[in-house]
Amino acid sequence: MQTEALEGTRFTELSQAILYRGAGWSVVWTSLLWLLGIGAVLFALALARFRKTIARMA
């Protein structure tokens, strides 16, 4: 797995850019998009698993 796809790497990169360098949107937008994308994928997987579990209970 590549390091670019890990959310911890993106979060660290994003927070360091904001806290230490005072970076604006033009610098951090790519990391923010990565985090949003990873979050959306993980949310979709969790939602699918939750629905499957609920369907088995009914």
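The values are calculated or read from the model by the stated rules, or taken from the named source; none is laboratory data. Please read these numbers as outputs of a predicted model, since none were measured by experiment. Here the Cβ is made from the backbone with ideal geometry for all residues, glycine too, and neighbour counts use every protein chain on show. Note: areas computed on protein heavy atoms with side chains; ligands, DNA, RNA excluded. Shrake-Rupley method; radii C 1.70, N 1.55, O 1.52, S 1.80 Å.
Expressed as a whole percent, the accessible area of the chain that falls on carbon and sulfur atoms is 68 (1.4 Å probe). For the chain, the solvent-accessible area works out to 85 Å² per residue, with a probe of 1.4 Å and every protein chain left in place. Site pair Lys52 and Ile38 shows an inter-label distance of 2.3 nm when each label is modelled 7 Å from Cα along Cα→Cβ. Taking Cα atoms only, the orientation of helix 25-57 departs from the longest principal axis of the chain by about 10 degrees. For the chain, the longest principal axis of the C-alpha atoms and the axis of helix 7-21 are separated by about 30°. Taking every alpha-carbon pair under 8 Å whose residues sit at least 6 apart, the chain reaches a relative contact order of 32 percent.
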